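The values are calculated or read from the model by the stated rules, or taken from the named source; none is laboratory data. It should be emphasised that the depicted structure is a prediction, and the values quoted were computed from it without experimental measurement. Here the Cβ positions follow ideal geometry from the backbone for every residue, glycine too, while neighbour counts run over all protein chains shown.
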Amino acid sequence: MGRCNAKIFGLTFALLLATLLARAAEIEDANVILNDFKLPEYNKDSKELEFIISGEKAKTVGIEVELENVKIEWVDKDIRKIKATITSPEAVYHRASKVVKGDKEVHFRSLEMDADGVGFDADYEKQTIHIRKEVKVTLKNDIGTMYKEHQEPEPEK
């Protein structure tokens, strides 16, 4: 009788454990959907704010996040202000690489320039945005002034 109860208990425990493991796997694989979200991203080492992704809807799909009506604000580390903003109706954010990509219209805004187009790849680590086609750029500062500020001073005679 004791062996029979031990076998029943062992089988029940194994079944319960298998059910719990299957449920844990479902939870881990489940997609999370956020509405009217704001997702700040911080540097792993310095813990400083790098950029903020916000929008109407975000859906996790593995390591990627599908975004709707997205706004990305890149933060200037030195002055802790927004240095550039990217907006698009749809994009996908890859959480590991910190790259945001989209095939729809995109608008880039900064103090130095505005850029509009269709399709983009924005890489925070490289501090770049590639707008794929139909690109229109408007420079806000005088090009000559910007050029002179970045030139080496002429040597004295």
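In table form, for the structure just shown:
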item	result
Counted residues, segment 43-69 - those being β-branched (Val, Ile, Thr) and at pLDDT 95 or above	0
Matching option when the condition is modelled with pLDDT under 95 and either part of a strand (DSSP E or B) or outside the structural domain of LYS133 (by TED's automatic domain parsing) (or both), among PHE108, PHE120, PHE37	PHE37
One residue from ALA115, ALA91 being of a type in the set (Gly, Ala, Ser), surrounded by 15 or more Cβ atoms within 10 Å (Cβ to Cβ) and out of contact with any Leu (no Cβ under 8 Å at 6 or more places or on another chain)	ALA115
Matching residues, segment 108-127, being closer than 20 Å to VAL65 by Cβ, in contact with a strand residue (DSSP E or B) (Cβ under 6 Å, 6 or more places away or on another chain) and free of Cβ contacts under 8 Å to residues at least 24 places away in the same chain	GLY119, ASP121
Segment 70-89: number of residues that are out of contact with any His (no Cβ under 9 Å at 6 or more places or on another chain), part of a strand (DSSP E or B) and either in contact (Cβ under 8 Å) with a residue 24 or more places away in the chain or within 19 Å of THR138 (Cβ to Cβ) (or both)	7
Verdict on VAL106 being closer than 20 Å to LYS44 by Cα, crowded, with 16+ Cβ neighbours inside 10 Å and not hydroxyl-bearing (Ser, Thr, Tyr)	no
